[in-house]
Amino acid sequence: MTGVAVVKYLSFSVLLIITSLVFLSGCLGEVPAGQVSGENTYSAGDSEPPGIFNDTSGDSLSDNDRMDLRYAFMQLNLSVSDGYLTGDNYSVRIIRGTNADIYGNCDSWIVGAVSDGKNVLLKYTLPGWQEEEWPGVLYGGEINTDEIIPSAELFEKNYDLITGITDNSESSHMDIEITSGYYRIFINDRGNLTALKFDSMTGDVV
């Protein structure tokens, strides 16, 4: 996209983002359908050590500064076609969004992909897309981004379930992960940790 400054090498502080969240090992008490209790998303053979988000990265952003997944990928395609990103034919393996609002918009999106035989990390924030080498081994099957339900539609479809947990609290923090055919929404509501799981194509609760 013309005018977007693409930073090809992420700073050390951005790499620290890779070591900061994915903290859920289960939920407290009884859980509704689709809520993952006692599930640890990661194992020794997964793509990276647990942690990728900065819990406070979006605290100073307004809702208008957050981005829907569909818009983020539209900008990715433009960045590639305009030559701002050197990679081509990205094979997406994992997608993560940080600090989501109740409409499924996030203040940043992180993508693990394979391009030209190399594992790459792509990050989208307001300035645009940045690309760096993926720090570690990247597992998982390819995600067809044309087939997954956009985050905004997923949140709209499951609005009552999600807001029933967050209670529209300003202190709630939500992150999103898409991998292996599923959406996962991680919610931290004043220390109460919850994970919700959905089919990545239909948005149905699993």
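Please treat every number below as a calculation from the coordinates, not as lab data. As the structure is a prediction and not an experimental result, all values here were calculated from the model. Every residue, glycine as well, gets a Cβ built from its backbone with ideal geometry; the counts of neighbours run over all protein chains shown.
Couple of notes before you dig in:
- Estimated inter-spin distance, D82 and R190, nm [label 7 Å along Cα→Cβ]: 4.4 nm
- Net charge over other residues, Cβ less than 15 angstrom from the Cβ of K157 (K, R count +1; D, E count -1): -4
- For segment 78-119, the relative contact order is 38 percent, taking Cα pairs closer than 8 Å that sit 6 or more residues apart in sequence and dividing their mean separation by the residue count.
- Projected onto their three principal axes, the Cα atoms of segment 69-199 cover extents of 44, 28, 26 Å, largest first.
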